[in-house]
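To start, the structure itself, in structure tokens.
The numbers here are math on the coordinates, done by the rules we state, and not lab data. Bear in mind that the values here come from a model prediction, so they are computed numbers and not experimental data. Cβ sites come from the backbone with ideal geometry, for glycine too, and all protein chains shown count toward neighbours.
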Amino acid sequence: MVLDTVVLVRSLLDPSSWWGRLVFDSRDVCEFIVSPPIIAEYLQVLNRPGLTRKYRGVEGRDLQRVLEIVSVATVVQAPETLRVCRDPTDDKFLAAAQASGARFVVTEDADLLDMSTWADIGIVSAGTFLKILQDV
């Protein structure tokens, strides 16, 4: 699965939420897929001053957690020319999924969720993905 940045950040802010359960409890049953542009966005968003002010301690604790997650993820080189989402900044998640053969992009982004599927890749919310995992 490919995780969008919102899912990752929400998991770090509340590890007991469904986002946290997805990220921290499903590592044994799911392969995390990332690409260099996805990793860069994860780190850029976590370093936003508004986020670090609102949630004290985010930068040190959560950057370490991101590094842990990325260290067990499969890193793929995805084409940067993919243009399919109405928000082009979200194409990197679809490109990584396609390049890796991932079955799902897990997101809370309406621009992606409105697509629902693309190239046989399911585009689902974290809550929906947790239900999928329960049914397996």
Quiz item: Around residue 29, what is the net charge, scoring Lys/Arg as +1 and Asp/Glu as -1 over all other residues with Cβ under 15 Å from its Cβ?
Solution: 0
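So if each residue of separation counts as 0.36 nm, and I subtract the Cα-Cα distance between residue 108 and residue 31, what length gain in nm does that give? Provide the component values of the computation, followed by the final result.
Values: separation 77, 0.36 × 77 = 27.72 nm, distance 1.91 nm.
Gain in length upon complete extension: 25.8 nm.
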Quiz prompt | Beta bridge orientation in the chain: antiparallel %, DSSP, nearest 5 | solution = 20
Quiz item: If all Cα-Cα distances of the chain are sorted into 10 Å bins from 0 onward, what percent lands in each bin, rounded to whole numbers?
Solution: 12, 46, 35, 7
Quiz item: Residues with beta-carbon under 15 Å from that of residue 83, excluding residue 83: net charge, scoring Lys, Arg +1 and Asp, Glu -1?
Solution: -3
Quiz prompt | Acute angle (nearest 10 degrees) that the helix 91-100 long axis makes with the longest principal axis of the chain, alpha-carbon atoms | solution = 70
Quiz prompt | Segment residue 83-residue 117, length gained on full extension (0.36 nm per residue, minus Cα span) | solution = 10.8 nm
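Among 104, 24, what is the fewest-to-most ranking by other Cβ atoms within 10 Å? Display every interim value, and only then the final one.
Working: 104 19, 24 15.
Neighbour counts put them in this order, fewest first: 24, 104.
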Exercise. Beta carbons within 10 angstrom, averaged per residue: use that to sort the peptides 41-47, 77-83, highest first.
Key: 41-47, 77-83
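Could you list 1, 115 so that the one with the fewest beta carbons within 10 Å of its beta carbon is first and the one with the most is last?
Values: 1 23, 115 19.
The most exposed by this proxy come first: 115, 1.
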Quiz item: Using the Cα gyration tensor of the stretch 62-135, with a ≥ b ≥ c the square roots of its eigenvalues, what is the shape: rounded (a/c below 1.5), prolate (a/b larger than b/c) or oblate (neither)?
Solution: oblate
Quiz item: Using the eigenvalues of the Cα gyration tensor, what equivalent ellipsoid semi-axes result for the stretch 1-53 when each is taken as the square root of five times the eigenvalue, whole Å, largest first?
Solution: 19, 15, 6
